[in-house]
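*Asks:* The structure under discussion is supplied below as structure tokens; questions concerning it will follow.
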Amino acid sequence: MQFHKAVCIFNPASGRRTPESRASEVEAVLARSAGSVELLATDSPGHAGQIARDAADRGCDLLVCLSGDGTVNEAVQALAGTESPALLVLPGGTANVLVHEIGLPRQPVAAAAALPSLRPWSVRLGQVHFESTATSRYFLLMCGAGLDAAIAMRVSARLKRSLGQGAYWISGASQCLRRFPMLRVISERDAQPGRSCCLAVVSKSRMYGGRLVFTPGAHLLAGDFQASEVTGSSRLVCGSYLVASALRSPQLWPGVRLRRCRELRLIPDGPSPVPVQVDGEIAGFLPARVSLSRTACTLLVPPEYANSNRHRDRQSRQGH
């Protein structure tokens, strides 16, 4: 595809830091497929959203995020519900879940070079409604409550810059020394809350945290979520679940429930506050309702990824 006006947001503090020299290399590659490219660095939390809004107001038809998933989420929040430019996400963060999910190259310059082959697709956003504050937050990838959010809440920014994904494993080991925040999940079909869980992930993405797989049947272009619930509070169960997710087969593990859904309600199970993360960033606390929004964004994806959703839908129909 050919674009007329592109804005590339990069976050110098994402992941292990994105130097301006690397961002300039990306800019040069993008210029082959866009009439003009403007390179803009974020300097504070929320700045990516402001840049995205300004870019849309100035008629930008391509918004590039050379950043982590959290910065991408900021841009999505700002553009949700508006006539927005096409979104291209390049690896520049710690986990780069979206890049892994759609199958782009894991080096930013190589991923930018793939732009001519990518195709625009409308992706419906998930939305979390926090009941205690009457606020909501969109997500492109996933929403998690319980153990994963508690880990994200305590991870050190300094360790993230120096160790990358290893910082989350260290935070997870530390979290296992504490009491797990517990929750229960209620679907539109459930008369009563389900079993007590230490973790619930409601996702539009198969991938999680880089190369883990929590929800093997999820797809960004699908018209629903896949939810994964880990029941009980046993450290052994949680540890084995992470191993199963690393092996990309969580559905084979005891204590794991997978389900397809469009809406779920998550409530605390006990007096401890239960944190919620969206696209890897802490967003609030339970109780909350997670639903598939009618609001969408236009995401550039490889044709192979779009075709994999058609194959998934065909298998689903045959299964019924």
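Readers should treat all values here as calculations from the given coordinates under stated rules, not as data from a laboratory. Not measured: the values here are computed from a predicted model. Here Cβ is always computed from backbone atoms with ideal geometry, including for glycine, and neighbour counts include all displayed protein chains.
*Asks:* Ranking Thr135, Thr295 by Cβ neighbours within 10 Å, fewest first, what do you get?
*Replies:* Arranged by neighbour count, lowest to highest, Thr135, Thr295 become Thr135, Thr295.
*Asks:* Per q in 0.19, 0.21, 0.23, 0.27 1/Å, what log10 I(q)/I(0) does a Debye calculation on the alpha-carbon atoms of the range 2-68 return?
*Replies:* Relative scattering, expressed as log10 I(q)/I(0), comes to -0.68, -0.82, -0.96, -1.20.
*Asks:* Please work out whether the range 3-117 counts as rounded, prolate or oblate from its C-alpha gyration tensor, where a ≥ b ≥ c are the square roots of the eigenvalues and a/c under 1.5 means rounded, while otherwise a/b larger than b/c means prolate and anything else oblate? Numbers along the way, then the final one.
*Replies:* Working: a/c = 1.35, a/b = 1.08, b/c = 1.25.
Rounded, since a/c falls under 1.5.
*Asks:* With labels modelled as points extended 7 Å from the Cα through the Cβ direction, what inter-label distance (nm, one decimal) is found for Thr133 paired with Ala296?
*Replies:* Going by the 7 Å Cα→Cβ label model, 3.0 nm.
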